[in-house]
Structures are given as C-alpha cells and as structure tokens.
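Let me begin by presenting the structure, written as structure tokens, before commenting on it.
Bear in mind that the values in this text are calculations on the coordinates, not laboratory data. Bear in mind that the values here come from a model prediction, so they are computed numbers and not experimental data. Cβ placement follows ideal geometry from the backbone for every residue including glycine, while neighbour counts extend to all protein chains displayed.
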Amino acid sequence: MNNDRYDNEGYATLWALSTLPFCTKEPSIHMRYSREHKANARSKLLETTGALVKEKGFGTTGVDKLAAAAGVTSGAFYSHFGSKPQLLKAIVENEMERTLALFADATPESLQKALKFYLGETHVDNPALGCPIPALAAEVARADDDTKQTFEELILQLKERMQSQLTNKDDAWAVITQAVGTVAIARAMTAGSARKALLKASRATIEKILADS
C-alpha cells in the first residue's frame, strides 16, 4: 500500500548439492551461478508481470505479452512457470508478501499514514505500482482453488497485522474492505470531483474507525 515500488527485494535460497545423500562434492561455480541466475530471472519475471497484470488485467494478457514485458521468450517463461495459472498464483504470493512486509512493524501512526496514501489519487492512478488486492481480487475469484487458498492465507495475515493496532479486531476487516473497495470503485471513475469526494469520504470513515479503536 505504498507508491514506492516496494523496496524489499526478492531473494532466492540456494540448495547446496553437498546436502544431498548422493553428493560428496561442493557444487561447481557454474552450478551455483546457474541456480542464482535462474532465481533472479524468475524474480524479474514476477516483478514485471505483476506490474503489468495489475494495470492491464491477467485474463486479458497473453503469455507472449507477459514474457515480452520481462524481456524473455515464451519458452523461457514456461521454464519458470508450467502454466499461466501457475504464474497468477506466484504473482499473488509475491505481491501480497510485499504488502505484508509494509505492515511488519505497523504502528498506529504508520497505519494511518499508509491508509491516507492508499486512499489518495496517486495510488488510484497507478495500479501497476500499488496494492495487488483491488487489482487482482477479481482475477483470483476466477482462478483455481489453489490460488484462492494462497490469496486467502495471505490476506488473513494482513488482517492479523492490521488488527494488532486495533482494539476491536473485527475493525481490521472493515478497514481492509473499505479501503480496497474504495480504490476499486475510484479506478472505475473519471478523475473528477465525484472521485475526489469518494476518496475523501472513505478516508473520513476509516479515520473514525481508527480513532474509535
């Protein structure tokens, strides 16, 4: 929920071949490089395709466009993800993990600041750089159960982190749904006075919830 392109970078865990029962030698430099290179390529794919589908939609964006956005061929794409649905699940996980990281050490002050930006026009106008929930929830609703389960687990984690700053734990759901719904509706409106009024009213409602908590 931040205009910053989520400063936390992805990382890859390298499995040393020497830990396997059949291996007695350290992995070669080439092997370590290959694994790290593939992990970095996958991370870049997730970042670029995540931004693209948050802006353009997942269902309407073909594999060729997704691969081109990351600067790879369709064949290279399939070497990282066995299918397009697998990519959606990975994008959801990657984008939601970044959102969760923003609330790792949430305080009442940082929560209010984040929500104020979240319900601002900059976030509304830049879905590629923003929260995945208003951009991808409808896509997940049409996805397989595995992707839905991943989304559910991660949004429950978000709720838990947010409710740590609220007296009434149910208010966390109220804040999340109010903010996400407002952004989704605002993006379907023109950038005029009606949209400004919507965002202002939603901010006031959430500020009241936070104040009462």
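Centre-to-centre, using Cα atoms only, the range 81-142 and the range 153-181 are separated by 14 Å. Under a cut-off of 16 Å between alpha-carbon atoms, report the aspartates and glutamates in cross-link reach of LYS38, not counting same-chain residues fewer than 8 places apart. Straight-distance partners of LYS38: GLU9, GLU47. Once divided by 2.2 N^0.38 Å, the Cα radius of gyration of the range 17-212 becomes 1.21. Legend: ranking of residues VAL53, VAL63 from fewest to most surrounding C-beta atoms inside 10 Å; resulting order VAL63, VAL53. Convex hull volume of the Cα atoms of the range 110-213, normalised per residue: 95 Å³.
If the label point is 7 Å along Cα→Cβ of ALA141, which residues in the range 185-209 have backbone nitrogen under 18 Å from it? Of the residues in the range 185-209, 185-189 have backbone N under 18 Å from the label point off ALA141.
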